[in-house]
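> Structure in structure tokens, see below.
Coordinate-derived values only; no laboratory data. None of these values were measured; they are calculated from a predicted model. When we count neighbours, we look across all protein chains shown, and the Cβ atoms used for this are built from the backbone with ideal geometry, even at glycine.
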Amino acid sequence: MAAELVAGKTVVSTTINGEPLEIVCEPRESLLEVLRDTLHLTGAKEGCNNGNCGACNVILDGRLVNSCCVLAVEVKDGEITTIEGLATAEGLHPVQEAFLEGAALQCGICTPGFIVSTKALLDKNPNPTETEIRYWLAGNLCRCTGYDKIVRAVQAAAKNLSGGN
Amino acid sequence: MRSIKYAAPTSVEAAVAILDEYGEDARILAGGTDLIVQVRENGRDVGVMVDGKGIEELTRIEIGADGSLTMGAAVPCYQLTANEGVVAAFPGFIDAVSIIGGTAIQGRASVGGNLCNSGPAGDSIPALIVHGATANIAGPGGRRSVVVEDFCTRPGANVLETGELLVSLTLPAMPKNSGAHYLRFIPRNEMDIAVVGVGAMVKLDGDNFESARIALGAVAPTPLFVAASGDSLAGKPATEKSIEAAAAVAQEAARPITDMRGTAEFRKHLVGVLTKRALRGALERAKGGTVNGR
């Protein structure tokens, strides 16, 4: 049986930051474009738009992905966490707190991507070594900080999240 | 990106029907980390993206009773590196799979896509070649298999005919007393394109090499299987002297170009260095040791 072809606008049911949504999109639109231009979730940034810089990173079905390299039509029935889904009414996420406390940013464009990547890392590995942190974040580029304060912030977040001080 | 159509078939037959109908305008979409970028940035002419991730056969990892590994063409890299059975049985293949892109790329990119992209520097391809892997293909005329060393034909091109798709890849079981290793040179520590990549597989017979396979990446228009280099080791003692001689044969076979990643001369030099290291790593594993903690 031949599968149906989607051409032009279509409706995709998905869950973003815990909220079930129906998104109207075209097959040519990336998840990043739909997040930013349709849903106005502008936390994910368009850096390189080709999978090198990590500024658009989101968590899709438990996996860190570059939202610029995902078509929006592919996220049907998916679960997506963006940077907007981290803070709650009670306050910032511990990873956000750690980046702020440690001044782990300068211009800030790469920061949402780094924070989402860090959340994905700590969800999987609550006590990463410095080497594990640096390898995990190799796909997030920062041209300001030299990475050192970012690595320290990830270590601080790991400590805070695992109940240390 | 240009306007495209999208389909998410749930069977190989349905995918073949679409590929057959739309011909060269249709392409299989796996992780999208090459295809989506090429269509958007390089104006690659694709009108129909056929998502393979809804097809069970393209998303399955199976270790057979005979110890062989068959992985669906759309299986993302992270599922292979997280699969303890695969890592334990095929550590030399995991050497390559684990360094394709960074974390976010690993979450989507597939070995099948890496092969079908057919880039001369695709990290998984020399590793597949030394393991003697076969590409299992389906098309309007039925199914066929092609050994991976014959798959790529020139940069970005391969043996897939119009209407055909790569369904899965099969790595035969590692023979007793064998080991494999893949490594590459990049100027960063992680997440870069190989300046040169080398895969090696050796099988030992006591203190001698019984057989060996060597494959090179980024030194020719396609990943290069250098049969002569591996064959030169057959029956030779498993020593540094034999390894050096095999590396010289690999160097001779490499025909690199000069580009922004390195000069032809530098690449020739790297083939020598990396072939020796790949063989030493494969030898270590064949003797029961580990490389990269695997």
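> For B:Thr170, indicate whether it is in contact with a helix residue (DSSP H, G or I) (Cβ under 6 Å, 6 or more places away or on another chain) and either free of Cβ contacts under 8 Å to residues at least 12 places away in the same chain or outside any helix (DSSP H, G or I) (or both).
No: the conditions fail for B:Thr170.
> Take the residues in segment A:23-37 that are part of a strand (DSSP E or B) and within 12 Å of chain B (Cβ to nearest Cβ); name whichever of them is nearest to the chain's Cα centre (by Cα).
Among those residues, the one meeting the criterion is A:Ser30.
> Still on this structure, I have one more. Determine if segment A:38-50 includes at least one residue that is away from every other protein chain (no Cβ under 14 Å) and part of a helix (DSSP H, G or I).
yes
> Something else about it: Failed condition for A:Lys119, given (1) within 14 Å of chain B (Cβ to nearest Cβ); (2) among the basic types (Lys, Arg); (3) more than 29 Å from A:Val24 (Cβ to Cβ), with all others met?
Going through (1) within 14 Å of chain B (Cβ to nearest Cβ); (2) among the basic types (Lys, Arg); (3) more than 29 Å from A:Val24 (Cβ to Cβ) one by one, A:Lys119 breaks only (3).
> Restricting segment B:50-104 to residues that are aliphatic (A, V, I, L, M), more than 14 Å from chain A (Cβ to nearest Cβ) and in contact with a strand residue (DSSP E or B) (Cβ under 8 Å, 6 or more places away or on another chain), which is surrounded by the fewest Cβ atoms within 10 Å (Cβ to Cβ)?
B:Ile61
> Checking the structure you have, find out if any residue of segment A:72-89 is in contact with a strand residue (DSSP E or B) (Cβ under 7 Å, 6 or more places away or on another chain), within 9 Å of another protein chain (Cβ to nearest Cβ), buried (at least 23 other Cβ atoms within 10 Å of the Cβ) and not charged (D, E, K, R).
Yes, because at least one residue in segment A:72-89 is in contact with a strand residue (DSSP E or B) (Cβ under 7 Å, 6 or more places away or on another chain), within 9 Å of another protein chain (Cβ to nearest Cβ), buried (at least 23 other Cβ atoms within 10 Å of the Cβ) and not charged (D, E, K, R).
> Of the numbered conditions (1) free of Cβ contacts under 8 Å to residues at least 60 places away in the same chain; (2) part of a helix (DSSP H, G or I); (3) within 14 Å of another protein chain (Cβ to nearest Cβ), A:Gly113 fails exactly one; give the number of that condition.
(1)
> Can you say whether A:Cys56 is among the hydrophobic types (A, V, I, L, M, F, W, C) and within 20 Å of A:Tyr147 (Cα to Cα), as far as the supplied structure shows?
yes
> Output the residues belonging to segment B:39-50 that are part of a helix (DSSP H, G or I) and more than 16 Å from A:Pro27 (Cβ to Cβ).
The one that is part of a helix (DSSP H, G or I) and more than 16 Å from A:Pro27 (Cβ to Cβ): B:Glu41.
> Now a separate question. Looking at segment B:264-294, which of the residues that are in a loop (DSSP other than H, G, I, E, B) and small (Gly, Ala, Ser) is surrounded by the fewest Cβ atoms within 10 Å (Cβ to Cβ)?
B:Gly293
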